[in-house]
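A short write-up of the structure that comes next.
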2 protein chains.
Amino acid sequence: MNTGILVLGHGSTLPYNKELVEQVAETIAGYGNAVVRTAFLNINQPTLKQGLESFKGTGVDKIVALPIFLAHGVHTLEDIPRELNLNEDKKATIEIDGGMVELVYAEPFGADASIAELAYRRANEALSR
Amino acid sequence: MNTGILVLGHGSTLPYNKELVEQVAETIAGYGNAVVRTAFLNINQPTLKQGLESFKGTGVDKIVALPIFLAHGVHTLEDIPRELNLNEDKKATIEIDGGMVELVYAEPFGADASIAELAYRRANEALSR
């Protein structure tokens, strides 16, 4: 597996954001196609820098930074690109284990149909409680 | 249709959170089973109070407050319940058009399989760009 996925969360003083990010990472790791690590913008660890460093020794030659955010905002458009030193094309090249690794940046979820379906499911669960 | 769904967003200085919440609301309204309105915790309008008031004249007898949030945090556990005057059972009774309407509160998305699937799709889209 040469592809790394850095699953990026917002971070929270409460444990739930971190738990969600870790569970998403675990599920994606279970798909078996990538080396998966987590990182957090605020409060929780690993930080983004630590998250990138955690690919040392894994042999990845490309990493996707995958923001677990619903929509673009200041965090996804300014904070994360700044922390990852992304260029205007939302990419960067970083050095890991002495080799150059391409870093690309995924989009947030957006208004995908699956988001509306899940929201509607949550609404119906609340109605049946 | 006697059920109302108040689709609740975080709000943002950028337009994307509001757009996502409005698109989710539009999709859910398209299912045809509820009167759907939107509201925002911060920055954007309608506010939560305005959102509840927007069910006037619709004839709903039950409203679900549906947070468009990935995970529980201070916003979903403290801010929204306080703004909606929810009791310990995460419910409230409000008056609309002179009648009493039950308000219930849905859970955020959580680590549903569909969230991990969508995240993985976003990662692969970034890899193929």
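The values are calculated or read from the model by the stated rules, or taken from the named source; none is laboratory data. Quick caveat, the model's predicted, so the values are computed rather than measured. Neighbour counts are summed over all protein chains in view; Cβ atoms, including those assigned to glycine, are modelled from backbone coordinates with ideal geometry. Heads up: the accessible areas ignore ligands, DNA and RNA and are worked out on the full protein's heavy atoms, side chains in. Shrake-Rupley method; radii C 1.70, N 1.55, O 1.52, S 1.80 Å.
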* Asked: Percent of accessible area on region B:3-127 owned by carbon and sulfur, 1.4 Å probe?
  -> 46 percent
* Asked: Which of the listed residues, B:84, B:124, B:60, is farthest toward the dipole's positive end in region B:3-127, when Lys, Arg count +1 and Asp, Glu count -1 at the beta-carbon?
  -> B:124
* Structure fact -> Counting only protein heavy atoms and rolling a 1.4 Å probe, one gets per residue an accessible area for chain A in Å² of 45 Å²
* **Computed helical MRE - 222 nm, the protein assembly as shown, DSSP H runs ≥ 4 contributing -39500 (n - 2.57), nearest 500** => -9000 deg cm²/dmol
* Spin-label model distance (nm) - residue A:50 vs residue A:13, 7 Å beyond Cα toward Cβ -> 2.0 nm
* Which residue, B:86, B:66, B:103, tops the fluctuation ranking in a GNM of chain B built on C-alpha contacts under 10 Å? -> B:86
* Determine the dipole magnitude for region A:3-127: charges of +1 sit on the beta-carbon of Lys and Arg, -1 on that of Asp and Glu, nothing else is charged, the reference point is the Cα centre, and the result goes in debye to the nearest 20. => 160 debye
* Structure fact -> Asked for the total accessible area buried by A and B (1.4 Å probe, Å², nearest 100), one would answer 4200 Å²
* Structure fact -> For region A:31-45, Karplus-derived ³J(HN,Hα) couplings (6.51, -1.76, 1.60; θ = phi - 60°; whole Hz; x for glycine and proline) come out as 5, x, 10, 8, 7, 10, 9, 10, 7, 9, 6, 10, 6, 7, 10
* Scan chain A for the residue whose Cβ is closest to the axis carrying it onto chain B, then write down that distance in whole angstrom. => A:114, 2
* For residue B:61 and residue B:114, what does the FRET efficiency come to when R0 = 41 Å and r is the distance between their Cβ atoms, rounded to the nearest 0.05? -> 0.85
* Among A:18/B:62; B:62/B:90; B:18/B:91; B:49/B:90, which pairs are too far apart, with a Cα-Cα distance over 23 Å? -> A:18/B:62; B:18/B:91
* Asked: Between rounded, prolate and oblate, where does chain A land on the alpha carbon gyration tensor, with a ≥ b ≥ c its root eigenvalues, rounded for a/c under 1.5, else prolate if a/b exceeds b/c?
  -> prolate
* To do: Return the residues of region A:22-70 for which accessible area with all protein chains present is lower than in the chain on its own by 10 Å² or more; set the probe to 1.4 Å and exclude ligands, DNA and RNA.
  => A:23, A:24, A:27, A:28, A:31, A:33, A:62, A:64, A:66, A:68, A:70
